[in-house]
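The next block holds one structure in the form of structure tokens; read it before the comments.
Just so it is clear, none of the values below were taken in a lab; they were calculated from the coordinates. Since the structure is predicted, the reported quantities are computational estimates derived from the model, not experimental observations. Note that each Cβ is placed from the backbone with ideal geometry, even for glycine, and that neighbours are counted across all protein chains shown.
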Amino acid sequence: MTNANTPGTGGRPPSGSSALTPPAGGAAPVRHPDAPAPGELLGAHYEHCFGCGEGQPHGLHLETRARDGVRVTAEFTVQPAHQGAPGLAHGGVLATALDETLGSLGWLLRVIAVTGRLETDFVRPVPVGTVLHLDAEVTAVAGRKIYSSAVGRIGGPDGPVAVRASALFIEVKVDHFIDNGRPEEIRAAMADPDQVRRARAFEVNP
């Protein structure tokens, strides 16, 4: 990670490591035919998710929309509870916003995937009260590996870049969560009568 004093390089994703470079045999991502329509609000994938859940009083309450291709956009407003330095968003909160947005891309592929690697550049400070506009897309798929990038801007969707990230997500089965999650939450999520909500609870593992 680099800090907010690092000179920016526009909207490009971080240079990243070789682990974030798609292999020569990587395929272009294909939007699933049952993916949400462009413009559709995806909603929270899990009520208690810190990134998007409505049940988290100090969470980000990130709102994500499907776009054309395998791309999403999202917004969240930096609250006083999200501070690191006085009056500025904590870098970890900004990384969470990027990770949450990138994780939502799996819903367009209709796969369950978890974050394998996330590299973030902090280009400029993000003040409390700012709306962060995020834009993420899948760039390639190679077997279970999903390569993606995201950028966050302030002042509007076309405003100056504040943060950006490159990521590698790994497709997993639902057993990943059942075997590793706390049993109480797993049982509650699996017992949800709403089939879509039940599936989306296991959409991403930040």
**Q.** Equivalent ellipsoid semi-axes, segment 85-124, via Cα gyration tensor eigenvalues times 5, rooted, Å
**A.** 25, 10, 8
Q. Gain in length, SER18 to THR77, computed as 0.36 nm per residue apart minus the alpha-carbon separation, to one decimal in nm?
A. 17.9 nm
Q: Mind jotting down the three principal axis lengths of segment 19-85 based on Cα atoms? Whole angstrom, largest first.
A: 44, 30, 18
Q. Which listed residue (ALA142, GLN56, VAL72) has the Cα farthest towards the positive end of the charge dipole for segment 47-149, taking +1 on Lys and Arg C-beta and -1 on Asp and Glu C-beta about the Cα centre?
A. ALA142
Q: Please state, as a whole number in µm²/s, the translational diffusion coefficient that the Stokes-Einstein equation yields for segment 117-161 at 10 °C and 1.306 mPa s, with Rh defined as the Kirkwood radius across alpha carbon pairs.
A: 131
Q. Which residues' amide hydrogens lie under 5 Å from the amide hydrogen of ALA89, considering only partners 5 or more residues apart or on another chain, with H built in the peptide plane?
A. GLY84, VAL126, VAL128
Q. Under a point-charge model restricted to the Cβ atoms of Lys and Arg (+1) and Asp and Glu (-1), what is the dipole moment magnitude of segment 49-154 relative to its Cα centre, in debye to the nearest 20?
A. 260
Q | Hull-based mean projected area of segment 14-163, where the convex hull spans the alpha carbons, in square nanometres | A | 8.8
(Q) Need the full-extension length gain, HIS90 to VAL30, defined as separation in residues times 0.36 nm minus the C-alpha distance. One decimal, nm. (A) 18.2 nm
